[in-house]
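Below you'll find the structure, written out as C-alpha cells, and then a few comments.
The values are calculated or read from the model by the stated rules, or taken from the named source; none is laboratory data. Only a predicted model underlies this, so the values are computations on that prediction, with no experimental measurement involved. Heads up, the Cβs are rebuilt from the backbone with ideal geometry, glycines too, and the neighbour counts pull from every protein chain shown.
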Amino acid sequence: MSFKELKSKRDARLNQAGTAQPSVLSEKETGNDQNQLYSQLDGSGLIIKSVSGRGRGLWATTTMKPGSKLLSLPPHIHVLSARFLDTHCSRCTIEAEVRRCTKCLTVSYCSTDCQREDWKLHKEECKAILRWKAASPDGTPPADSIRAIGRLLWSRKLMKATSDWWLEVNAMQSNRDVLSLETQESFTHFAQSLVMYLDVNSPEGLRDFGIDSARDLVDLMSKFAANSFTLTSSNLSSLGVAISPLPALINHSCQPNAVIVFPRATATKPPTLEVIAILPINPEDEILAAYVDVTLPTELRQKSLEATYNFTCQCAVCTNTEEVDLRSSCYCPKCSEGYVRIKDRGKASVCTKCGAALVVSDDVKDKLRVAAEGLQKAEKLQWTESEQALRLTTNILSLITPFSPPSAHPRLALMRLQQTLLISELRPHDGKIDDIIRVSAQVVSGLCDLLPLGHPIRAVALAEFGKLLCVDEPALSEEDQARNSFPPRGYHRLVLAKDTLVRANNEVQIGFGPGGGGLRDEVRAILENIDREMAVYRKGVTNLRASATQKK
C-alpha cells in the first residue's frame, strides 16, 4: 500500500469516526442561559451544548468551509512573556520601537494611545511590579501567569462581579476537585506568589477581589491553568498568555476541525483571537481544537492532557492501535519503502508497502529513547547555550535519520528545533543557508504528512521554507555543487521559492482565516519581489541570446 493510499484510508476512517454523535443533553440540562450569556454567539452559527461525559462545548448550526472565521473577539486579558516586554507593546502586542513605563520600567508601549488605554489596569499593575521587583533578588518581573491573574482580578474590580464579563470568567471549567497532589503543591506556591504580588495580607484583602476562601483561590488558579491560551504572533511565535472564556468552551480532539490563532497585530488595538475552521464543518458537528501538539505520538499527547486538563482523550487518533501512525513509525527494514508501527517489545507490525509482519528491533527503540532524552536536553539548552543545543540536535539526528521518517517523533521535533537554532545563528552570505534549507524541506515534508491542508503550523512552515529559498545563495565550488543537487541554484531556486510561497499564500488563507493575517501580507510582498527578480533574470537571458545571435 502506497503512502497516499495509507493516508486516504486513515483519513476516511477518522472522518467516519468523527461523525458519530454523542449523547446530547436536553436544553434544560445544557443551561440555555449559557447561550444568552455570551453575546459573541449572536449570528455566529454556534451554540453551547452539554454532552454526557464531555461537559459543555461549542456546536455548529450551519455549514462552514475550511478558512471560515467562527469567532473573532479580543481576549478578556493578555500579558506578554518577560522576554518580550522590552520589544513589544504590552497593549497591542506589535513589535516596534517601544517606550517603557517611566515608573515600573518593565511594561512598554508603542504609543501614548496604547499607554493611555492600558492605564486603567496598569495603574495597579505598575505598583505591584515595583513591589515584586523590590523583593526579588535579581529584580526580575513576576511570571506571566502571576501578571495575567493580577490583571484578571483588577479587571473584576473595574467590571463588577455581576457584569457579563466576569460571569463568563466565573463560568469557566475548574478541575479543582481532581487535582493531583503535585499540582496542588504547585498551586500552593503559586498562591503565595499571587497574594504577595497583589499585596494581600489578610482574608479580607482577598475578599476585595471576590475570593472568599482558599478553595476559591485554588478554583481561580485551576480555571486559569485549564482555560488560558498561548498568545501568539502572526507566525505562531509564542508571545505570552491570554484568557478568553468563550473559545475556552471548545473541547479537544487530536484531529481538530478548528484552530485558535491571533492572525494580526494592529497598532493601538488589543489583539484579536480568532477561531478558524480547518476542515469542513456541518450542522450538528462539534467544534474541536487541539489542546496539545498533535505532531507528538499518542503516549506524549495523553500524558500532557492528563497533567494539564485531567482527562484521557478518546478521539479516533488516540484509540487507533493497529494502523500505522506516522508519528510512531520507522522505515520498513525489509523493503525500505514502507512504514512499520513501533509497538511494545515483541509485538509485530505490518509494513504498509511490502506487507511483511515485522518486529522493530530493540536497537532502533533504544536509539529513539536516547534521541527523545536528547531532545528534552536540547530544548532546555536552546535559550542559554544555543551552540551546545545545536550540536546535540545535529548529532542525534545523524543517529536516527537512517530509519526514522520526517513525520516521526522525535525526528520531526528535533528538526524543527535544529532549524530554529540554525536560523538564529545565520549571518549574511553564510554558507550554512543551504543546510538550513535542507532541514526546512524535511520539516515541511513531515508536517504535511501529519497535518491537513491549511493547518496554520504547516502554512507557517511553508512560508519559512519559501523565505529561506530567497536568501542570497552562497558561492559553492563545482565539487560542492555536484555533491549537493538540492537546493537548486539560480533561476530554478527562484522558481522553487515562488512555488513554495504560492502554496503558503493559499494555506494561510485557510489556517489564519479570510485575508490570511499578517503572515499573508509578508508572503505576498516576497512574491512580488520574486516576480521582479525573475523578470530581470529572464530579461538578462534574452539579452544574452540576442547578443549571441548578432555575433553570428
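Summed over the stretch 313-351, residues that are over 17 Å from HIS409 (Cβ atoms), modelled with pLDDT of 90 or more and not small (Gly, Ala, Ser) total 10.
Scanning the stretch 129-162 for residues that are of a type in the set (Ser, Thr, Tyr) and in a helix (DSSP H, G or I) yields a total of 2. Tallying residues that are surrounded by fewer than 17 Cβ atoms within 10 Å (Cβ to Cβ) and either hydrophobic (A, V, I, L, M, F, W, C) or in contact with a Ser or Thr (Cβ under 9 Å, 6 or more places away or on another chain) (or both) within the stretch 373-387 yields 2. Candidates in the stretch 401-417 are the residues that are surrounded by 17 or more Cβ atoms within 10 Å (Cβ to Cβ) and touching a strand residue (DSSP E or B) at 6+ places or on another chain (Cβ under 9 Å); of these, the one that is farthest from GLY511 (Cα to Cα) is PHE403.
Scanning the stretch 184-216 for residues that are of a type in the set (Lys, Arg) and closer than 19 Å to LYS133 by Cβ yields a total of 0.
Under the condition of being more than 24 Å from the chain's Cα centre (by Cα) and either basic (Lys, Arg) or under 30 Å from GLU507 (Cα atoms) (or both), the residues counted in the stretch 45-67 number 7. For first residues located in the stretch 125-138 and more than 14 Å from ARG100 (Cα to Cα), partners that are polar (S, T, N, Q) and surrounded by 18 or more Cβ atoms within 10 Å (Cβ to Cβ) and lie 6+ apart or on another chain with Cβ distances below 8 Å form the pairs LYS133/THR106. On the given criteria, is THR106 in contact with a strand residue (DSSP E or B) (Cβ under 9 Å, 6 or more places away or on another chain) and in a loop (DSSP other than H, G, I, E, B)? Here the answer is yes, as THR106 does meet what is asked. Within the stretch 384-397, residues that are free of Cβ contacts under 8 Å to residues at least 40 places away in the same chain have Cβ atoms under 7 Å from residues that are of a type in the set (S, T, N, Q) and part of a helix (DSSP H, G or I) in these pairs: SER386/SER424; LEU390/GLN418; THR393/GLN418; THR394/GLN418; LEU397/GLN418, counting only partners at least 6 apart in sequence or on another chain.
Checking THR266, THR230, THR295 one by one, the residue that is under 23 Å from GLU464 (Cα atoms) and either in contact with an Asp or Glu (Cβ under 6 Å, 6 or more places away or on another chain) or crowded, with 18+ Cβ neighbours inside 10 Å (or both) is THR295 and no other. Please go through the stretch 122-173 and pick out each residue that is hydroxyl-bearing (Ser, Thr, Tyr), surrounded by 14 or more Cβ atoms within 10 Å (Cβ to Cβ) and under 19 Å from ARG207 (Cβ atoms). Of everything in the stretch 122-173, just one residue is hydroxyl-bearing (Ser, Thr, Tyr), surrounded by 14 or more Cβ atoms within 10 Å (Cβ to Cβ) and under 19 Å from ARG207 (Cβ atoms), namely SER155. Among the residues of the stretch 418-463, those that are touching a residue at least 60 places away in the same chain (Cβ under 8 Å), closer than 21 Å to SER237 by Cβ and out of contact with any strand residue (DSSP E or B) (no Cβ under 8 Å at 6 or more places or on another chain) comprise GLY446, LEU447, LEU450, LEU451, GLY454, ILE457, ALA459, VAL460, ALA463.
Flag set for LYS353, criterion: of a type in the set (D, E, K, R), assigned to a loop (DSSP other than H, G, I, E, B) and buried (at least 17 other Cβ atoms within 10 Å of the Cβ).
Condition first: among the acidic types (Asp, Glu) and part of a helix (DSSP H, G or I). Can you find one or more residues in the stretch 378-399 that meet it? Yes: one or more hits.
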